[in-house]
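Report on the following structure.
Since every read-out is calculated from the coordinates, none of them should be taken as a lab result. Just so it is clear, the structure is predicted and the values come from calculations on it, not from any experiment. No Cβ is skipped: glycine too gets one built from the backbone with ideal geometry, and neighbour counts run over all protein chains shown.
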Amino acid sequence: MRVVSIGTATRDTPPALRERKKAATSLALREAALELWARDGYVGLTVDAICLRANVSRRTFSNYFAERDDAIICWSSDDHAALASVIVARPAEEDPMTAAEAALSDFVDATTTTPLWRAQIALLVRYPILRERFSALSRRMESSVAEAVSARTGCAVDDIAVTMLTAAMLAATRTALMRWFTTPAVDVRQLLHTHVEVLRAGCGANVFALQGNTQGMAQF
């Protein structure tokens, strides 16, 4: 079998086509990893086997993932960008927490109902060691969410109100999803809402209305 580097684009490849090829390659590698896990088990899964299954080179794999487990538990940059876009596009009258909750609810609802995510969830339940990787991925998403909150509020992306709200919302999402992993019959959107309501009790929209001269606090 001829192994090709399907993630490599020529200089003349249109940007949109390049991005579609990259997304297709990433998806192929993720699906190959999960299919092989279902067949061979997690411990025996290797990068070489994933590459063979996806018909790509080891070099191509390295262009997308640093190691095997990155292909198993993964949120793509497109996922991050899409989430941020939804937050920015929410109605202007919504406070930042409400806008973020709506976008994150759509996100968790979509991700927990796809076959790929179902397979990832099965791995997370069976192998707790992967849960830290999942948590790390959600922390990486914070920068995208912070940029979206910044765009909505006019505050700097490193404003303390922006960073605190973002960290709190992503923590609520991680916690809600981890609870859902053990009780998947629960409505994941309602579970996230319950977690967000706990946050609202202590750090709701009022934090963005604070006035003062403290450096880093949101001001309007």
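At most 10 other Cβ atoms within 10 Å and a DSSP loop assignment: could you name the GluC sites (Glu not before Pro) in region 61-116 that fit?
E93
Could you work out the per residue convex hull volume over the alpha carbons of region 15-72, in cubic angstrom?
Output value, Cα hull per residue: 66 Å³.
At q = 0.16 Å⁻¹, what base-10 log of I(q)/I(0) does the Debye formula yield for region 77-209 when every alpha carbon is treated as an equal point scatterer in vacuo?
These q points yield log10 I(q)/I(0) values of -0.78.
Compute the Cα gyration tensor for region 60-140, then decide on rounded, prolate or oblate, letting a ≥ b ≥ c be the square roots of its eigenvalues: rounded whenever a/c is under 1.5, prolate when a/b is larger than b/c in the other cases, and oblate in all that remain.
Prolate, since a/c reaches 1.5 and a/b exceeds b/c.
With all distinct Cα pairs included, what does the Kirkwood hydrodynamic radius of region 8-149 come out to in Å, to one decimal, could you say?
16.6 Å
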